[in-house]
Amino acid sequence: QVQLVESGGGLVQPGGSLRLSCAASGSIFSINTNRWYRPAPGKQRELVATLTADGKTTYADSVKGRFTISGDNAKNTVYLQMNSLKPEDTAVYYCNADLQPERWKPTFRYWGQGTQVTVSS
């Protein structure tokens with residue numbers, strides 16, 4: 001059974017930094033794309049950052065230049081380095097992965113449980 005577990009959230013002052021982790025465990029043949037999401041006013045959620053299997057990254061305009069998504073294939077873990085944090089970055093951050101659990105099985109999208117990030121003085 002595949003699980004995604006986020007960690008690294010917490011309370012930080014404006015201008016500070018946090019690094020979120022999203023570790024995949026269980027039966028994993030390949031991971032195609034990793035994403036980080038957060039809820040957004042007026043929308044169901046905001047796609048914060050994306051990392052594809054070939055290393056391409058994309059970011060929401062609201063976090064460009066401040067957030068960096070990266071991955072460690074050996075650990076099946078993706079990270080979100082968040083710098084210059086603002087109060088408006090406060091949210092529960094969720095990761096997901098398009099993951100193929102076994103060679104002859106289809107790819108599914110798996111979600112983590114979320115980790116709270118609070119930016120406040």
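The values are calculated or read from the model by the stated rules, or taken from the named source; none is laboratory data. Predicted model only: the values in this text are computed from it and were never measured. Cβ: placed from backbone, ideal geometry, glycine included. Neighbour counts: every protein chain shown. These accessible areas exclude ligands, DNA and RNA; they are computed on the full protein's heavy atoms, side chains included. Shrake-Rupley method; radii C 1.70, N 1.55, O 1.52, S 1.80 Å.
What the table below lists for this structure:
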| item | result |
| --- | --- |
| The range 80-100: number of residues that are farther than 16 Å from SER7 by Cα and assigned to a strand (DSSP E or B) | 3 |
| Per-region count, the range 43-67, residues under 10 Å from the mean Cα position of the chain (by Cα) and outside any strand (DSSP E or B) | 0 |
| Output for the range 7-38, where each listed residue is more than 18 Å from ASN73 (Cβ to Cβ) and either out of contact with any Lys or Arg (no Cβ under 9 Å at 6 or more places or on another chain) or assigned to a strand (DSSP E or B) (or both) | SER7, GLY9, GLY10, LEU11, VAL12, GLN13, GLY16, SER17, LEU18, TYR37, ARG38 |
| From SER84, SER120, SER62, residue being open to solvent by 30 Å² or more (accessible area, probe 1.4 Å) and touching a Pro at 6+ places or on another chain (Cβ under 7 Å) | SER120 |
| In the range 46-96, the residues that are under 13 Å from LEU20 (Cα atoms) and touching a helix residue (DSSP H, G or I) at 6+ places or on another chain (Cβ under 8 Å) | MET82 |
| The range 60-76 residues that are touching a residue at least 12 places away in the same chain (Cβ under 8 Å) and within 23 Å of ALA40 (Cα to Cα), paired with ones that are surrounded by 14 or more Cβ atoms within 10 Å (Cβ to Cβ) and among the acidic types (Asp, Glu) (beta carbon under 8 Å, 6 or more apart) | ALA60/GLU46; SER62/GLU46; VAL63/ASP89 |
| Candidates SER70, SER17, SER84, filtered to the one that is modelled with pLDDT of 95 or more, within 23 Å of VAL119 (Cα to Cα), under 13 Å from the mean Cα position of the chain (by Cα) and among the polar types (S, T, N, Q) | SER70 |
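Yes or no, residue by residue, for (1) in contact with a Leu (Cβ under 8 Å, 6 or more places away or on another chain); (2) open to solvent by 50 Å² or more (accessible area, probe 1.4 Å); (3) not acidic (Asp, Glu):
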position: VAL2; (1), (2), (3): yes, no, yes
position: PRO39; (1), (2), (3): no, yes, yes
position: ILE69; (1), (2), (3): yes, no, yes
position: ALA74; (1), (2), (3): no, yes, yes
position: LEU80; (1), (2), (3): yes, no, yes
position: GLU88; (1), (2), (3): no, yes, no
position: GLN100; (1), (2), (3): no, no, yes
position: ARG109; (1), (2), (3): yes, yes, yes
